[in-house]
1. Could you look at the stretch 209-329 and say what percent of its accessible area is carbon and sulfur, using a 1.4 Å probe and all protein chains?
2. Measure off 7 Å from each Cα along the Cα-to-Cβ vector at Arg285 and Ser255, then give the distance between these two points in nanometres to one decimal.
3. Could you tell me how far the Cα centroid of the stretch 303-341 sits from the Cα centroid of the stretch 90-163, in Å?
4. Find the Rg to Rh ratio for the stretch 102-174, where Rh is the Kirkwood radius over alpha-carbon pairs and Rg uses the same atoms.
5. The stretch 75-137: percent of C-alpha pairs farther apart than 16 Å?
6. What number comes out for accessible area per residue over the stretch 244-352 if the probe is 1.4 Å? Units Å², please.
7. How large is the direction-averaged shadow of the alpha-carbon convex hull of the stretch 248-352, in nm²?
8. So, R0 is 45 Å and r is the distance between the beta-carbons of Asp241 and Thr276; what FRET efficiency does that work out to, to 0.05?
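The values are calculated or read from the model by the stated rules, or taken from the named source; none is laboratory data. The structure displayed is predicted, hence computed values, not measured ones. Quick reminder, even Gly has a Cβ in these numbers, built from the backbone with ideal geometry, and neighbours come from all protein chains shown. When the accessible area is computed, the model is the full protein with side chains, heavy atoms only, and any ligands, DNA or RNA have been set aside. Shrake-Rupley method; radii C 1.70, N 1.55, O 1.52, S 1.80 Å.
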Amino acid sequence: MRKTATTPSGGTIPAQPGPRDSAESGIVSVEGDMSGGSVPAPVPAAADADAVILGAGPSFRPGEQATVRLREAGPDDPPRYAPEWLELREGVDAAARAHDLLDPLRIRLANLPGRAGLVIHDVGCGTGSMGRWLAPHLDGSQHWVLHDRDPYLLHFAAVASPRSSADGSRVTVETRRGDVGRLTPDALAGASLVTASALLDVLTREEVDTLAAACAGAGCPALLTLSVAGRVELTPSDPLDTEIAEAFNAHQRRSGLLGPDAITAAAEAFSEHGATVQVHPSPWRLGPGESALTAQWLRGWVGAAVEQRPELRERADRYLRDRLAACEAGELHVVVHHSDLLALSRPTGGAS
Ligand SMILES: C[S@@+](CC[C@H](N)C(=O)[O-])C[C@H]1O[C@@H](n2cnc3c(N)ncnc32)[C@H](O)[C@@H]1O
């Protein structure tokens with residue numbers, strides 16, 4: 001039976017994939033550094049709506065956790081994403097991704113020379129939501145190579161992998177632990193497609209360039225979805241909306257990360273490597289039916305803004321309280337703008 005945790009709005013999310021997921025997963029091979037194959041400890045209860053970004057929320061005491069977006073990490077460790085957060089956003093992510101990019105992608109994949117099936121690399125796969133969304137949209141057998149630097153998330157991705165493609169063909173997966181900043185064309189040899197979701201905005205320009213160079217070197221297309229665009233619309237509006245949004249965007253750009261500049265940087269990088277690039281909007285549309293996600297998103301959004309500009313704390317405290325109350329009352333609508341990018345690199349295998 002699945003372990004579950006109760007969300008602030010009363011829903012449940014799995015604390016960790018259970019045996020049922022594993023038995024039905026269709027995995028034929030799981031490789032890579034999986035930390036000795038041990039099962040990770042159960043994740044903290046998301047109920048405590050309180051898991052993560054230490055000190056990020058304006059109204060939390062030191063040591064309390066404001067959102068479920070990140071897991072605890074040491075001061076020098078990279079951010080570690082909470083599976084509860086990735087689970088909470090999975091349905092909205094699926095609804096947001098741009099279907100208009102799928103037809104040009106299908107045409108490219110159909111023209112690949114001499115392929116028995118597709119080999120798809122998902123970079124920064126987290127718990128594997130991109131595969132669960134995309135595999136059933138593409139025909140033919142597929143082998144997914146799931147990359148992440150976090151072995152804990154790779155475990156979730158492996159046990160909850162997609163099972164069949166659009167035409168019912170078999171889907172298999174393997175996992176690879178590694179950093180996108182060290183991706184090489186050799187690592188992508190034989191790839192039909194590289195995908196990523198909610199990744200580009202947490203990368204640096206150098207990492208995006210490495211990704212573009214690896215795809216160009218391997219001659220494979222890339223579908224890179226759900227990069228934050230830096231624009232948010234809240235209804236009803238509040239005079240503090242713009243200030244919070246600007247502080248949040250500045251926070252996203254800290255330490256050289258691209259944040260809202262990611263799509264422009266990626267379009268430039270892939271174009272410079274000879275790819276044809278298409279970009280399509282993929283906004284989250286959050287209403288009363290998504291209140292659990294909206295509440296967590298608000299905590300993280302406001303918390304990061306305050307971390308960036310501590311002088312906002314008092315006003316942001318009031319703002320967050322009012323926004324959460326409106327959310328709970330079903331009176332808040334939020335559009336969080338994202339973009340999806342399809343880059344068609346020149347194939348290296350002779351196809352066009
Ligand atoms: C916001 S999460 C998105 C996860 C997943 N793609 C999804 O849409 O649910 C970002 C993911 O990228 C991974 N990640 C971030 N930077 C990375 C890097 N430089 N190399 C490899 N993985 C990275 C994180 O561990 C995390 O799993």
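1. Numbers: 2400 of 4980 Å².
With neighbouring chains kept in place, the figure for the stretch 209-329 is 48 percent.
2. Inter-label distance under the simple model: 3.5 nm.
3. 31
4. So for the stretch 102-174, dividing Rg by the Kirkwood Rh gives 0.98.
5. Values: 1142 of 1953 pairs.
Percentage above 16 Å: 58.
6. Here the per-residue accessible area is 43 Å².
7. Details: hull surface 35.4 nm².
In nm², the orientation-averaged hull projection of the stretch 248-352 is 8.9.
8. Using R0 = 45 Å, I get an efficiency of 0.80.
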